[in-house]
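*Asks:* Supplied in structure tokens, the structure appears directly below.
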Amino acid sequence: MALKLYLTVEIVEPSDAWIIEHDFGPQIPIDKNNLIIQTALKIEPTLPPHHLKMRSEIPLEHGLGSSSSAIVAGIKIAEVIGNRGMSILEQLEWACQIEGHPDNVVPTLLGGLQVASYDADLSRLNEENLTFLSLPVPTCSMIAFVPNYSLSTKAARNVLPASFARQKAVMASSKANVLVAALTQRKLIPAGKMMESDLFHEGYRSTLIPELAKIRAIAHQHQAYATYLSGAGSTIMTWLPKEHLAEFKADLKDFSNTHQGEILELKVDTKGARVK
Ligand SMILES: Nc1ncnc2c1ncn2[C@@H]1O[C@H](COP(=O)(O)OP(=O)(O)OP(=O)(O)O)[C@@H](O)[C@H]1O
Ligand SMILES: N[C@@H](CCO)C(=O)O
């Protein structure tokens, strides 16, 4: 699901070498090794170097899709500087191929709530690898607790088992199937129940993110539909009825006195990435 937190890249002017100004510090390259520029050059290897400026409201490695936003920005830069028309399907395929999965890049490009399946076949670019459907956007309140520590997707995947027994995989898939069916019908109570009974990821990751269980317990006192990990974490999202928002927010604020993190009330973006 795309949320109203934005990464913005300004194309300043042509330059002798690629340079991208930003406030992320030394962790993120300022030259052609930056993920945004790498993405653009993968699509258009002869793209002439430019001076870029990036501003981002999306924290790095917090499960809020920073890398997806960077990849999508790179695709749009290849399109604009390369003066190259690209269909949305072509953009989606590049994005999935570079990110390796469709979870965040599809909503980043399209906006809204998207369910997607991508069969990675890195040997070729093939739009048939991707199937996606847009679902109605939930109309509840959404609150993120963004812990003050980062968690890379790679580290969050390292705690997952390499394989699942068939019986467990079938049970886990049934949760995901019912979740999608419930979202299709805008039924947030069964959707929330399924979100909180995920068997593929969250149980293993909760040891890395101890706040998840604690916030879930607080949220249940406020009739929340669900509390879950955003992306691979560390951000913890809660969906709840609008009428319970103020009281839940007050309790979450008390919680943040002992567990450091930022509280964000987020809305859904329904437009996706755009070029001005
Ligand atoms: N805005 C950005 N500009 C350049 N590189 C970025 C940017 N955001 C992320 N990256 C690169 O992508 C790497 C991987 O990010 P990672 O996928 O772990 O975090 P995330 O996108 O916040 O997580 P998630 O995919 O769960 O939302 C970062 O370590 C960094 O190298
Ligand atoms: N959804 C993916 C990460 C998305 O960034 C995962 O849970 O590993």
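Bear in mind these aren't lab numbers, they're just calculated from the coordinates by the rules spelled out. Fair warning: this is a prediction, and the values are worked out from it, not measured in the lab. Cβ: placed from backbone, ideal geometry, glycine included. Neighbour counts: every protein chain shown.
*Asks:* Starting from the eigenvalues of the Cα gyration tensor, five times each then square-rooted, give me the equivalent ellipsoid semi-axes of the chain, largest first, whole Å.
*Replies:* Its equivalent ellipsoid spans semi-axes of 33, 22, 18 Å.
*Asks:* For a quick check: with amide H placed at 1.01 Å from N, whose amide H comes under 5 Å from Ala226's, ignoring anything fewer than 5 positions away on the same chain?
*Replies:* Here the answer is Trp239, since their amide H atoms fall under 5 Å of that of Ala226.
*Asks:* While we're looking at this one, here's another question. Under the rule a/c < 1.5 gives rounded, and otherwise a/b versus b/c splits prolate from oblate, where does region 201-276 land using the Cα gyration tensor?
*Replies:* oblate
*Asks:* In whole Hz, with x marking every Gly and Pro, tabulate ³J(HN,Hα) for region 187-194 from phi via Karplus 6.51 cos²θ - 1.76 cosθ + 1.60, θ = phi - 60°.
*Replies:* Once rounded to whole Hz, the list reads 9, 7, 5, x, 4, x, 4, 5.
*Asks:* Charges only on Cβ, +1 for Lys and Arg, -1 for Asp and Glu: so what's the dipole of the chain about the Cα centre, in debye to the nearest 20?
*Replies:* Its charge dipole is roughly 700 debye.
*Asks:* With labels modelled as points extended 7 Å from the Cα through the Cβ direction, what inter-label distance (nm, one decimal) is found for Arg274 paired with Glu262?
*Replies:* Label-label distance for Arg274 and Glu262, simple model: 2.3 nm.
*Asks:* Could I ask something else about it? With a sphere of radius 14 Å drawn around the Cβ of Lys249, what net charge do the other residues whose Cβ falls strictly inside it have (Lys, Arg +1; Asp, Glu -1)?
*Replies:* Neighbourhood net charge equals -4.
*Asks:* Once you've got the Cα coordinates, tell me which of Lys53/Lys253; Lys42/Lys271; Lys32/Lys276; Lys53/Lys242; Lys42/Lys175 are over 27 Å apart.
*Replies:* Those over the limit are Lys53/Lys253; Lys53/Lys242; Lys42/Lys175.
*Asks:* Right, something else. Nearest 10 degrees, 0 to 90: what angle lies between the long axis of helix 166-184 and the longest principal axis of the chain (Cα atoms)?
*Replies:* Helix 166-184 sits at roughly 80 degrees to that axis.
*Asks:* Right, another one. Which whole-Hz ³J(HN,Hα) couplings does region 138-150 yield from phi under the Karplus relation 6.51 cos²θ - 1.76 cosθ + 1.60, θ = phi - 60°, glycine and proline marked x?
*Replies:* x, 9, 7, 7, 10, 10, 9, 10, 9, x, 7, 10, 8
*Asks:* I want to verify a result. In a Gaussian network model of the chain, Cα cutoff 10 Å, which of these has the top mean-square fluctuation: Ala169, Ala224, Ala95?
*Replies:* Comparing Ala169, Ala224, Ala95 in a Gaussian network model of the chain, the most mobile one is Ala169.
*Asks:* For the chain, what proportion of DSSP beta bridges, expressed in % and rounded to the nearest 5, is antiparallel?
*Replies:* Around 90 percent antiparallel, to the nearest 5.
*Asks:* If you don't mind, another one. Suppose a student asked you for the relative contact order of the chain, using Cα pairs under 8 Å spaced at least 6 residues apart; what percent would you report?
*Replies:* Reported relative contact order: 22 percent.
*Asks:* Tell me which residues come under 5 Å, amide H to amide H, from Ser141 once H is placed; ignore anything under 5 positions away on its chain.
*Replies:* HN-HN under 5 Å from Ser141: Leu240, Lys242.
*Asks:* Next question. In degrees between 0 and 90, to the nearest 10, how far off the longest principal axis of the chain does helix 245-258 point, with axes built from Cα atoms?
*Replies:* Approximately 80 degrees, to the nearest 10.
*Asks:* Could you tell me how many cubic angstrom of Cα convex hull volume region 141-266 has per residue?
*Replies:* Measuring per residue, one finds 100 Å³ for the Cα hull of region 141-266.
*Asks:* Along its three principal axes, how long is region 65-193 when you only count alpha carbons? Whole Å, largest extent first please.
*Replies:* For region 65-193, the Cα spread along each principal axis is 47, 37, 36 Å.
*Asks:* May I have the pair-distance distribution P(r) for region 7-135, computed from all Cα-Cα distances with 5 Å bins from 0 and rounded to whole percent?
*Replies:* 2, 11, 21, 23, 20, 14, 8, 2, 0
*Asks:* Give me a comma-separated list of calculated 3J(HN,Hα) values for region 94-110, in order, Karplus coefficients 6.51, -1.76, 1.60 applied at θ = phi - 60°, integers in Hz, x for any Gly or Pro.
*Replies:* Karplus-based 3J(HN,Hα) across region 94-110 equals 4, 4, 5, 5, 6, 6, x, 7, x, 3, 9, 6, 5, x, 4, 6, 9 Hz.
*Asks:* Looking at the chain as a GNM with Cα springs under 10 Å, which of Val105, Val72, Val178 has the largest mean-square fluctuation?
*Replies:* Top of the fluctuation ranking is Val178.
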